[in-house]
Amino acid sequence: MRYSGLRVIKEALTGHRGWGPAWRDPEPQANYDYVIIGGGGHGLATAYHLAKTYGQSRIAVLEKGWIGGGNVGRNTTIIRSNYLLDGNEPFYELSLQLWEGLEQELNYNAMVSQRGILNLFHTDAQRDAFIRRGNAMILNGADAELMSTERILKKYPFLNVNNARFPIKGGLAQHRGGTVRHDAVAWGYARAADQRGVDIIQNCEVTGFKIEGGKVLGVETSRGFIGATKVASCVAGSSSRVMEKAGMELPIESHVLQAFVSEGLKPVLPGVITFGAGHFYCSQSDKGGLVFGGDIDGYNSYAQRGNLPVVEDVCEGGMAIFPMLGRVRLLRMWGGIMDMSMDGSPIIDKTHIDGLYFNGGWCYGGFKATPASGLVYAHLLATGEPHPTATAYRFDRFSRGLMIDEKGQGNQPNLH
């Protein structure tokens with residue numbers, strides 16, 4: 001079934017009796033060519049590109065819960081490609097380009113809104129760093145613009161630009177950045193992958209791997225053994241727990257990241273905005289709520305809930321630039337599990353076990369990377385070689401001294 005405006009009108013006039021399930025609910029087969037562990041955005045995008053872009057078949061996606069119930073439905077929906085280093089910027093720019101055509105490709109309304117993102121700066125040193133970042137973005141084909149305080153005030157007149165501690169001296173804007181409805185991305189990829197024959201198997205938790213002679217033969221699951229020629233892990237914050245079942249210890253820590261949404265308001269925030277003197281970012285959803293977040297909780301955890309000190313820190317950051325937030329009521333908050341790599345950049349690579357592949361370590365960048373991650377991971381699985389934009393995302397970069405330290409924090413996962 002292809003979605004269209006005419007189809008929506010027809011169904012509205014006939015009681016919506018013609019809609020069918022967006023994807024099948026198949027029983028797992030005994031074996032597949034590819035088994036992808038994790039039915040989030042990255043796993044579903046990988047399955048889709050394996051089938052569409054690389055012409056592969058006999059593909060299964062195993063999800064321990066339900067589609068849209070993991071991190072893909074727990075993030076703050078921001079997309080952007082405003083990175084600095086050559087190891088990252090081409091990849092995230094590829095992802096932003098794929099976002100721009102995603103809805104047409106998937107025939108699904110993911111509510112892609114390129115409303116722009118503005119990173120504020122508060123010191124001369126920050127200004128110089130953002131000029132450098134903007135130049136790096138432009139050299140890699142992305143868009144970037146340095147905005148003065150006066151121009152920022154025309155778009156965001158409510159900002160506290162003369163804050164005594166954190167005066168706003170300008171900002172780096174990427175006008176092609178914006179937001180996307182997170183769970184709709186999962187649903188769109190699931191539907192598109194299913195239409196190309198991919199089996200999406202929900203409520204199917206991987207409990208172990210069958211490995212013989214250094215080669216993976218399949219996975220043990222809560223629904224029985226499933227054989228596979230190639231197995232691809234793609235489970236974000238659960239990466240360490242899943243790969244431990246294959247005897248691997250990853251250069252990754254898992255932390256809680258909280259997110260928040262306010263009560264619904266009239267349109268007040270036209271784009272995405274970030275605080276340069278702390279970790280605070282904010283956008284307004286189409287339902288009117290202000291969606292915002294900040295730093296990770298700082299302690300290792302697999303719990304999808306946070307604690308109050310971070311709530312206080314995030315609200316302080318918001319109040320520093322948005323004094324009006326003090327009168328807004330918080331509607332709800334939630335947590336997601338972040339797979340924090342040692343240098344703050346992801347890993348997409350083969351493992352030392354033949355036929356076993358890994359995708360993880362996304363830190364704060366997982367959602368915005370979804371389309372490119374699926375494409376380059378599918379390329380690796382189908383061809384055995386890394387995609388040209390993902391050649392730096394190797395396991396051995398840590399031992400070879402080739403870390404991609406985007407924030408310059410060193411070997412400190414909790415700071416990335």
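Using a Gaussian network for the chain with springs between C-alpha atoms less than 10 Å apart, which of these wobbles most: 26, 386, 371?
Checking each option, the largest mean-square fluctuation is seen for 26.
Compute the separation of the alpha-carbon centres of the range 274-293 and the range 96-165 and state it in Å as a whole number.
The range 274-293 and the range 96-165 have Cα centres spaced 13 Å from each other.
Under 8 Å for C-alpha pairs, at least 6 residues apart: give me the relative contact order for the range 251-358, rounded to a whole percent.
Details: 200 pairs, mean separation 39.3, N = 108.
It comes to 36 percent, rounded to a whole number.
For the chain, what does -39500 (n - 2.57) per DSSP helix run (n ≥ 4), summed and divided by total residues, give at 222 nm, in deg cm²/dmol to the nearest 500?
Value at 222 nm, helices only: -8000 deg cm²/dmol.
Using +1 at the Cβ of each Lys and Arg and -1 at the Cβ of each Asp and Glu in the chain, identify which of 231, 148, 136 lies farthest towards the dipole's positive end.
148
Explain nothing, just the number: dipole magnitude of the range 242-315 about its Cα centre with +1 on each Lys and Arg Cβ and -1 on each Asp and Glu Cβ, in debye rounded to the nearest 20.
On the way: 4 positive and 9 negative charges, 64 e Å.
Charge dipole, the range 242-315, about its Cα centre: 300 debye, nearest 20.
Quick one: putting +1 on the C-beta of Lys and Arg, -1 on the C-beta of Asp and Glu, what dipole do you get for the chain around its Cα centre, in Debye to the nearest 20?
1120 debye
GNM on the chain, C-alpha springs below 10 Å: top fluctuator among 358, 322, 280?
Ranking 358, 322, 280 by mean-square fluctuation puts 322 first.
Can you tell me which of 362, 99, 66 moves the most in a GNM of the chain? Springs connect C-alpha atoms under 10 Å apart.
Of the options given, 66 has the highest mean-square fluctuation.
At a threshold of 8 angstrom on Cα-Cα distance, excluding pairs fewer than six apart, so keeping six or more, what relative contact order does the chain reach in percent?
Relative contact order comes out at 22 percent.
Could you work out how far the C-alpha centroid of the range 359-377 sits from that of the range 1-52, in angstrom?
21 Å
With a cap of 15 neighbouring Cβ atoms within 10 Å, and only residues DSSP puts in a loop, list the trypsin sites (Lys or Arg not before Pro) found in the range 351-416.
For trypsin sites (Lys or Arg not before Pro) across the range 351-416 that sit outside H, G, I, E and B with at most 15 neighbouring Cβ atoms in 10 Å, the list reads 400, 407.
For Cα pairs less than 8 Å apart in space and 6+ apart in sequence, what is the mean separation divided by the residue count of the range 35-83, i.e. the relative contact order in percent?
43 percent
DSSP loop (so not H, G, I, E, B), at most 14 other Cβ within 10 Å: list which GluC sites (Glu not before Pro) in the range 243-318 pass both filters.
249
How large a share of the accessible area of the chain, in percent, is made up of carbon and sulfur atoms when the probe is 1.4 Å and the other protein chains stay in place? Mind dumping the intermediate values first?
Numbers: 9120 of 17700 Å².
In the chain, the share of accessible area belonging to carbon and sulfur is 52 percent.
The values are calculated or read from the model by the stated rules, or taken from the named source; none is laboratory data. These numbers come from a predicted model, not from an experiment. Here Cβ is always computed from backbone atoms with ideal geometry, including for glycine, and neighbour counts include all displayed protein chains. Just the protein is used for accessible areas: all its heavy atoms, side chains included, with ligands, DNA and RNA removed. Shrake-Rupley method; radii C 1.70, N 1.55, O 1.52, S 1.80 Å.
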